Amino acid sequence: MVYCYFINKHMNEKYNVYLVSESTDETLDRIFLYLKSQFANLDKKKKEFAFIRTEQQIDKIIKECANLNNSLILYTIVETKLAKYLASKSEKNSVPCFGVLGNLILSFSKLLNQKAIHKPSAQHVLDEDYYKRIEAIQFTMSHDDGKKIDDINKADVVLLGVSRTSKTPTSIYLANRGYKTVNIPLVLDQKIPEDLYFNKTSCIVGLIADPERLSDIRRNRVAIMQDQNLKEYTDLDAIRKEVESSKKLFKKNSWPIIDVTRRSVEETAASILKIIEIKKNK
């Protein structure tokens, strides 16, 4: 369960929004994050409770809701009996309650002519895909920032880019999708691994960003590190040279280029996945 506050601009009221999940709250948290993005007056403040699987737990949540004004519940509970119990208790206590997955599961059930298993945490089954993701994460972490380059050919994806072009977070995101990812920093006048020029199995992608934006990010990093010996690292002219040099490298080898300046990690990763799909279909 997570509770957040948001203010209604027109009525000037504050609502307590409870997110109740029978498993980890990842799914509900992402859905609520999307909802929050649609309402500019939504002020996020979380208190997390996951694995809500008993009526006693539900009773505690409802009791807390009933004692607060303007409470609201969103939930992802697929176990039918418990979901009905939550809905019934909410109605008795005049607490608005919305099942996020209920209608979706019912619609799929009708479409497939098949009953849902209503099993909590079924999405976390230790199947082949699960172990593939774990293997990809381990591989990616051990190959972060050019740490290990002797087995680049085993990578599904190789990301190249100058410092602060979101290589590591993008690599981790891809790893969580099951893609073994290597990321290699590009440093002016330093050679990249020779194996990359002959690598026909991995999807090699170049990441670039606006030099002014990179300069700002690097200055913030240097300020945090409190290192005064990194003037060239934040120098705008030097950064422009780095970016231009990386572009030439990417174009020379016909490696796809993604400008991450105004992209989130998710958007960058989505573009890479499209490139992978195109490469597979060639």
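Where a number appears in this text, it was derived from the coordinates with a stated rule and is not lab data. Predicted, not measured: the structure shown is a model, and the values here were computed from it. FYI the Cβ positions are ideal-geometry reconstructions off the backbone, even for glycines, and counts take in every protein chain you see.
General observations
- Database remark: amide H of L186 closer than 5 angstrom to the amide H of G161, V162, S163 (H placed geometrically; neighbours at sequence offset of 5 or more, or on other chains; Pro and chain starts carry no H).
- Residue order, fewest to most beta carbons within 10 Å, for T24, T268, T181: T24, T268, T181
- Cross-link partners for K92 among the aspartates and glutamates, with Cα-Cα distance under 17 Å and sequence neighbours closer than 8 places in the same chain left out: E55, D59, E64.
- Protection proxy ranking of 62-74, 251-263, by the mean of other Cβ atoms within 10 Å over each peptide's residues and highest first, is 62-74, 251-263.
- Fewest-first ranking of D235, D150, using other Cβ atoms within 10 Å as the exposure measure: D150, D235
- Rg and Dmax [Cα atoms of the range 128-280; Å; Rg one decimal, Dmax integer]: 15.3, 49
- 24 Å Cα-Cα threshold exceeded, pairs from K200/K251; K89/K115; K248/K279: K89/K115
- When you restrict to C-alpha pairs under 8 Å that are six or more residues apart and normalise by the size of the range 136-246, the relative contact order lands at 30 percent.
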